[in-house]
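Enquirer: Starting off with a structure, shown below.
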Amino acid sequence: MFCKGFFKRVVPFLLTFAAGLFIASFFVTIAAPNLSNFRRNREYRKSEMQRLRLENRDLRDSVDRLRRENEELRRQSMSWDHSDIREAVPPVVLEPPQPPPPSRAPRFVR
């Protein structure tokens, strides 16, 4: 009696499970994953992270160098005597602004 009830419950489950695996095999690979790909991906990610860290450090150094250079150029520009520049530039003669041309009266449509 126990065996008959067991088979009534287990056999349909196993048949359904087998049919599900069969149908799923058309869409998904059911084989065990290849672990060498995981190791290769991990090594790639590690080398990529190291490359990005080095690039970030180089960029930070470059930004610091450019910031120092910018500050130095600002300090040098503050020490300039601007009187010789004013003498070299000719004075600008501004003409009075011209009034806009008169506008036409709007046309009325009959």
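Enquirer: Give me the angle, in degrees from 0 to 90, between the Cα long axis of helix 2-24 and the longest principal axis of the Cα atoms of the chain, rounded to the nearest 10.
Expert: Between helix and principal axis, roughly 40 degrees.
Enquirer: Taking the chain as the reference, fit the longest principal axis to its C-alpha atoms, fit the long axis of helix 35-78 to the helix C-alpha atoms, and give the angle between the two in degrees, 0 to 90, nearest 10.
Expert: Between the helix axis and the principal axis of the chain, the angle is about 10 degrees.
Enquirer: From the C-alpha gyration tensor of the chain, pull out the three semi-axes of the equivalent ellipsoid (sqrt of 5λ each), sorted largest to smallest, in whole Å. Please report the intermediate quantities before stating the final value.
Expert: Numbers: eigenvalues 1332, 326, 26 Å².
Rounded to whole Å, the semi-axes are 82, 40, 11.
Enquirer: Stokes-Einstein D for the range 35-76 at 37 °C, 0.692 mPa s, Kirkwood Rh over Cα pairs, in µm²/s?
Expert: Approximately 261 µm²/s, per Stokes-Einstein.
Enquirer: Another one. Using helices alone, I'd like the mean residue ellipticity at 222 nm for the chain: each DSSP H run of four-plus residues gives -39500 (n - 2.57), total over residue count, nearest 500.
Expert: Result for the chain: -23500 deg cm²/dmol, rounded to the nearest 500.
No value in this document is a laboratory result; all are computed from the given coordinates. Note that the structure is predicted; figures quoted are calculated from it, not measured.
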